[in-house]
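Here is the structure we will look at.
The values are calculated or read from the model by the stated rules, or taken from the named source; none is laboratory data. Everything quoted here is computed from the prediction, not taken from an experiment. Accessible surface areas use protein heavy atoms only, side chains included; no ligands, DNA or RNA. Shrake-Rupley method; radii C 1.70, N 1.55, O 1.52, S 1.80 Å.
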Amino acid sequence: MSSPAGWATAGEAVRLWFAPTTLRKTLKIAAVVCVILSLINIGLHLPVPARVVMNFLVPFCVSSIGVLSATRRRPQED
């Protein structure tokens, strides 16, 4: 089994960031987050304090899921 892609330099990070496999995942996530934030800020008639809290929680949840996804240990195959 090959090791996951990683980076150590800024150039490697940029290449990984714009790699087709990365973009396929991140553009889908960005589209969903965009719709959610648009609904919070424009579409839903929420009080301002609720908008502030939700505008914090959405990126917090997305970044937390990213960390969990990147650090998940896969079960060993026998």
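For the stretch 10-50, the set of residues classified as open to solvent by 70 Å² or more (accessible area, probe 1.4 Å) and assigned to a loop (DSSP other than H, G, I, E, B) consists of Phe18, Leu44, His45, Pro47, listed by residue number. Before we move on, is Glu77 assigned to a helix (DSSP H, G or I), acidic (Asp, Glu) and either at pLDDT below 95 or open to solvent by 70 Å² or more (accessible area, probe 1.4 Å) (or both)? No, not satisfied. Against the criterion of being among the aliphatic types (A, V, I, L, M) and open to solvent by less than 60 Å² (accessible area, probe 1.4 Å), Val58 qualifies.
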